[in-house]
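What follows draws every value from the coordinates through simple rules; no lab data is involved. Note that the structure is predicted; figures quoted are calculated from it, not measured. Glycine gets a Cβ as well: all are built from the backbone with ideal geometry, and neighbour counts include every protein chain shown.
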Amino acid sequence: MRWWDIETVLALEYDLFPEDAWSPGMFWSELAHARGPAATRRYVVAETSEGRIVGYAGLAAAGGLGDVQTIGAARDQWGTGLGSRLLTDLLQHATAFECEEVLLEVRVDNPRAQKLYERFGFEPVGFRRGYYQPGNVDALVMRLSLLEGPHGQGRTEIHG
């Protein structure tokens with residue numbers, strides 16, 4: 001993901017997560033840590049062959065721990081495996097960042113995403129009450145040990 005992708009990614013973000021969408025500043029801040037030899041972030045977009053951005057994902061890494069910051073796929077891409085390809089990319093980069101484990105938060109009312117993460121071997125480890133605001137929705141915290149190996153599938157053409 002590059003700075004010129006932010007406007008398009010934000011449109012997807014607001015469609016997918018209307019109550020708790022990230023702000024432009026949040027994306028700018030994350031991208032500031034995604035380049036150069038000291039990078040601690042991985043942000044990617046997925047594009048169609050026509051160049052339409054249909055998905056995005058981000059990972060933060062520090063001290064052997066990765067954290068999936070965000071994953072989003074356009075509604076017309078649901079069920080195509082795009083979420084799996086985005087997550088595979090993040091987990092490959094978590095390995096490159098030498099992460100031993102990866103954590104994430106997912107809304108308790110998002111079973112589709114929870115099933116995706118479970119297929120990759122993420123396991124529930126707790127809850128964060130009222131994590132998603134302003135709707136006061138709880139987050140399920142999930143964890144994947146990379147020492148045991150990620151259970152991702154395939155690769156995709158993702159432009160970072």
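Local charge sum around VAL137 (other residues, Cβ-Cβ under 12 Å, Lys/Arg +1, Asp/Glu -1)?
Details: positive: ARG107, ARG128, ARG129; negative: GLU19, ASP20, GLU105, ASP109, ASP138.
With Lys, Arg at +1 and Asp, Glu at -1, the net is -2.
Find the Rg to Rh ratio for segment 1-56, where Rh is the Kirkwood radius over alpha-carbon pairs and Rg uses the same atoms. Could you put the intermediate results ahead of the total?
Numbers: Rg = 11.7 Å, Rh = 11.9 Å.
We get a ratio of 0.99 for segment 1-56.
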Low-density loop positions, chymotrypsin sites (Phe, Trp or Tyr not before Pro), segment 42-98 - DSSP coil, at most 14 other Cβ in 10 Å: TRP78
Spacing of the two label points (7 Å from each Cα toward its C-beta) at ASP15 and ALA62, in nm: 3.3 nm
Label point distance in nm, GLU7-GLU47, each placed 7 Å from Cα along Cα→Cβ: 1.6 nm
Structure-based [θ]222 nm, the chain - -39500 (n - 2.57) summed over DSSP H runs of at least 4, per residue, nearest 500: -8000 deg cm²/dmol
Whole-Å semi-axes of segment 46-91's equivalent ellipsoid (Cα gyration tensor): 23, 10, 8
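Taking 2.2 N^0.38 Å as the expected size of a compact globular protein, what ratio does the Cα radius of gyration of segment 6-136 give against it, to two decimals? It would help to have the intermediate numbers written out before the result.
Details: Rg = 14.4 Å, N = 131, 2.2 N^0.38 = 14.0 Å.
Here the answer is 1.03, to two decimals.
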